[in-house]
Amino acid sequence: MKRTWQIDDVTEAARARIATARLAAAYGVPALDRTRLTTALSAQLRQCLTKGGAWLLTLDVTAGGAEPGALHVSLVPCDPAQSAAQPPWRATVDCPGAAAPVDGCEPPDEAPEPAESLLWADEDTAVVLEKLADQEELVAFHREELHQTNQGVVALHAELDAAGRAQREAFAAERKARREAEKASRRLTFLANTSAVLTSSLNHEEIVRRLPELLVPEYARSVDVWLFDGDGDRQPPTPHPAAAVVAARSGRPQYAGPGPGGLPGVDDQPPSALDPELPLLCIPLPTRRAPLGVLTLAPPGDGWDPDDAVMLIELARRASIAIDNARRFEHHRDIAETLQRALLTDLPTTPGLRLAARYLPATHGLNIGGDWYDAFRQPDGSLITVIGDVTGHGLHAAVMMSQLRTALRAYAVDGGSPGTLLTRLHTFLHHLQPDLYATAVIARFHPAEPTLTWAAAGHPPPVLRTPDGRVHTLDQKPGAMLGIPLHQEIDDHTVSLPPGSTLALYTDGLVERRARGIDPGIARLAHALEDLPPHALEGDLDGSADRILDPLLSDSERDDDICLLLCHIATDLA
């Protein structure tokens, strides 16, 4: 169906507009689409009336069959000359009822009157306003929902922000706690390791020397250890900070600096006159009786952390104990070594026979043990040399060694042979100390006889170097250890001893190594003795003893006493 209107004034334009609206309504165009169409048409009609001339409005409804139809609207100028100035306007809307008009809405045959047109326009406007009211209600509803949602979002953001702050604070507290735990663990590890180093030494000078090495640079920039002398004199031989003097007198840690130190258990003092800008921590080295001295530290930075100061005070206490123990040990060691050397014999001078002896105490323990050597004359003019070793260490072994030496000298007055003397010593020791044992070698030299008589009881064999430079180990049938619960008669042995011969007697500390046993050590001793030139043995027997010891002690842990006795038959008997 096709309808056409010519429009040349406002009245015709109004009629055409309402006719378009009624035709769209008749063919089922929805009210909103209808309103949009008529509104767009009105705008075009106003433009056309403004330009003037006649215009042709065409409405064409096409049926769509199975598909919806369409309403085609076109507005073109009647004069083709106007087409260049005002191009045609066209619009198309879907018509669900294009196949037949909607009941009660027959399409108009002609344009309606203006009054009727106004009534129809109000009808579409009412529909639009009704829908607009519905949309406003819907918009108001959604606006309220949006407002509530925004409020919820704001509240959620506030909660999330608070949760984020709480989480950040928790993370910060956790990091701080972890850092503090790591610092505490590092302090404990440092304290344990440092204590192990300090207590591993029994030399107080080494402990004092190692303290700065352990503390600098992590916990101190510089370290000064002021030790009082053995008489308790606390007057410093060199200038010390006033805070160190106060710490020495009061026994309390002192802090000297431009401001308060804020360290637990530490008294504050004015800055040191020696260096007013340098903070100092002066910690006494306490013992059960009185402080040993004062440890003065300069900080690695501007000052000390309070926990670091507590750790340093504890370290000073442990260092004080280590120094005190080392001093006590050194004192007792000196006494023991003096006693040990007092028990050893001054070697006699014998024509044609030169003697050299070396005694080296163990470097561990109190340096007092049962190793001994001796040399003395018998009534017949022969010379007895002996070297022995009482089992164990300490004062008890040293006393037993002294008794054995005294008993041997007493028995030798009767003039017995080396085997006889050892047999009597065996019986003496077994009855005197059933739980103590000893080893020994006795060698007898007689000026008128070019032979050596010797006997051994459980002791490493003597080593003999003959004038031709060859070395022999004298290991013929030794007796058992002295003092064991066994009756024994120890045999004598003899060997030729021409001038230029050298006999080496020694204890097991010289040749025995725990990893290799004793035999390789005896072989090394024989090799060292063999390497000595004859003129060295003849002219400098003491120096020869040292040259024998040097290679043998290079791998020794010195955990046992060492004795070496060299006996050299001079080539010039004059």
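Considering every residue within segment 418-432, establish whether at least one is within 21 Å of Arg377 (Cβ to Cβ), in a loop (DSSP other than H, G, I, E, B) and out of contact with any helix residue (DSSP H, G or I) (no Cβ under 8 Å at 6 or more places or on another chain).
For segment 418-432, residues within 21 Å of Arg377 (Cβ to Cβ), in a loop (DSSP other than H, G, I, E, B) and out of contact with any helix residue (DSSP H, G or I) (no Cβ under 8 Å at 6 or more places or on another chain): absent.
Looking at Leu486, Leu482 in this structure, which one is within 28 Å of Ala407 (Cβ to Cβ), in contact with a His (Cβ under 9 Å, 6 or more places away or on another chain) and without any contact (Cβ under 8 Å) to a residue 60 or more places away in the chain?
Leu486
Could you list, in sequence order, all residues of segment 274-299 that are of a type outside the set (A, V, I, L, M) and over 22 Å from Ile207 (Cβ atoms)?
Within segment 274-299, Asp275, Pro276, Glu277, Pro279, Pro299 meet the criteria.
Those residues that are β-branched (Val, Ile, Thr) and either surrounded by 17 or more Cβ atoms within 10 Å (Cβ to Cβ) or modelled with pLDDT of 90 or more (or both), I need them from segment 335-351; list them, please.
Listed by number, the list holds a single entry, Thr350.
Mind listing whichever residues of segment 257-280 are of a type in the set (A, V, I, L, M) and either outside any loop (DSSP other than H, G, I, E, B) or over 35 Å from the mean Cα position of the chain (by Cα) (or both)?
Those that are of a type in the set (A, V, I, L, M) and either outside any loop (DSSP other than H, G, I, E, B) or over 35 Å from the mean Cα position of the chain (by Cα) (or both): Ala273, Leu274, Leu280.
If you go through segment 523-562, how many residues are in contact with a Phe, Trp or Tyr (Cβ under 9 Å, 6 or more places away or on another chain) and farther than 22 Å from Arg354 by Cβ?
Here the count works out to 1.
Here is a list: Thr296, Thr287. Which entry is under 30 Å from His331 (Cα atoms), without any contact (Cβ under 8 Å) to a residue 40 or more places away in the chain and among the hydroxyl-bearing types (Ser, Thr, Tyr)?
Testing whether each residue is under 30 Å from His331 (Cα atoms), without any contact (Cβ under 8 Å) to a residue 40 or more places away in the chain and among the hydroxyl-bearing types (Ser, Thr, Tyr) leaves just Thr287.
Going by what's in this entry, would Pro485 be described as surrounded by fewer than 13 Cβ atoms within 10 Å (Cβ to Cβ), over 30 Å from Gly352 (Cβ atoms) and either modelled with pLDDT of 95 or more or not polar (S, T, N, Q) (or both)?
Taking the combined requirement at face value, the residue satisfies it.
Could you pull out the residue among Ile7, Ile18 that is in the same structural domain as Pro77 (by TED's automatic domain parsing), closer than 21 Å to Pro80 by Cβ and surrounded by 15 or more Cβ atoms within 10 Å (Cβ to Cβ)?
Ile7
Is it the case that Gln86 is more than 19 Å from Leu37 (Cα to Cα), in a loop (DSSP other than H, G, I, E, B), in the same structural domain as Arg15 (by TED's automatic domain parsing) and at pLDDT 70 or above?
Here the answer is yes, as Gln86 does meet what is asked.
Please find, among Leu474, Leu429, the residue that is crowded, with 17+ Cβ neighbours inside 10 Å, more than 26 Å from Leu553 (Cα to Cα), among the aliphatic types (A, V, I, L, M) and out of contact with any His (no Cβ under 6 Å at 6 or more places or on another chain).
Testing whether each residue is crowded, with 17+ Cβ neighbours inside 10 Å, more than 26 Å from Leu553 (Cα to Cα), among the aliphatic types (A, V, I, L, M) and out of contact with any His (no Cβ under 6 Å at 6 or more places or on another chain) leaves just Leu429.
Which residues, taken from segment 456-471, are in a loop (DSSP other than H, G, I, E, B), touching a residue at least 24 places away in the same chain (Cβ under 8 Å) and not basic (Lys, Arg)?
Matches in segment 456-471: Gly458, His459, Pro460, Pro461, Pro462, Thr466, Pro467, Gly469.
For segment 270-319: of the residues being hydroxyl-bearing (Ser, Thr, Tyr) and crowded, with 20+ Cβ neighbours inside 10 Å, which is modelled with the lowest pLDDT?
That would be Ser272.
If you check every pair at least six apart or on different chains, which have Cβ atoms under 8 Å apart with a residue in segment 519-534 that is within 13 Å of Thr466 (Cα to Cα) first and a residue that is assigned to a helix (DSSP H, G or I) second?
These pairs meet every condition: Leu529/Ile548; Leu532/Ser544; Leu532/Arg547; Leu532/Ile548.
How many residues are assigned to a strand (DSSP E or B) and of a type in the set (Gly, Ala, Ser) if we restrict to segment 472-503?
Of the residues in segment 472-503, 2 are assigned to a strand (DSSP E or B) and of a type in the set (Gly, Ala, Ser).
Of the numbered conditions (1) closer than 30 Å to Arg328 by Cβ; (2) of a type in the set (Ser, Thr, Tyr); (3) surrounded by 11 or more Cβ atoms within 10 Å (Cβ to Cβ), Thr149 satisfies every one except a single condition; which is it?
(1)
Which fully enclosed helices (runs of 4 or more DSSP H) of segment 504-574 have 2 or more residues being in the same structural domain as Leu383 (by TED's automatic domain parsing) and either among the small types (Gly, Ala, Ser) or over 46 Å from the mean Cα position of the chain (by Cα) (or both)?
Counting at least 2 such residues, we get 519-531, 534-539, 541-553.
Each row is one residue, and each column tells you yes or no for (1) charged (D, E, K, R); (2) outside the structural domain of Met311 (by TED's automatic domain parsing); (3) in a helix (DSSP H, G or I); (4) within 19 Å of Val216 (Cα to Cα).
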position	(1), (2), (3), (4)
Arg168	yes, yes, yes, no
Phe171	no, yes, yes, no
Ala184	no, yes, yes, yes
Arg187	yes, yes, yes, yes
Asn193	no, yes, yes, yes
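The values are calculated or read from the model by the stated rules, or taken from the named source; none is laboratory data. Please read these numbers as outputs of a predicted model, since none were measured by experiment. Ideal geometry is used to build each Cβ from the backbone, glycine not excepted, and the neighbour counts take in all protein chains shown.
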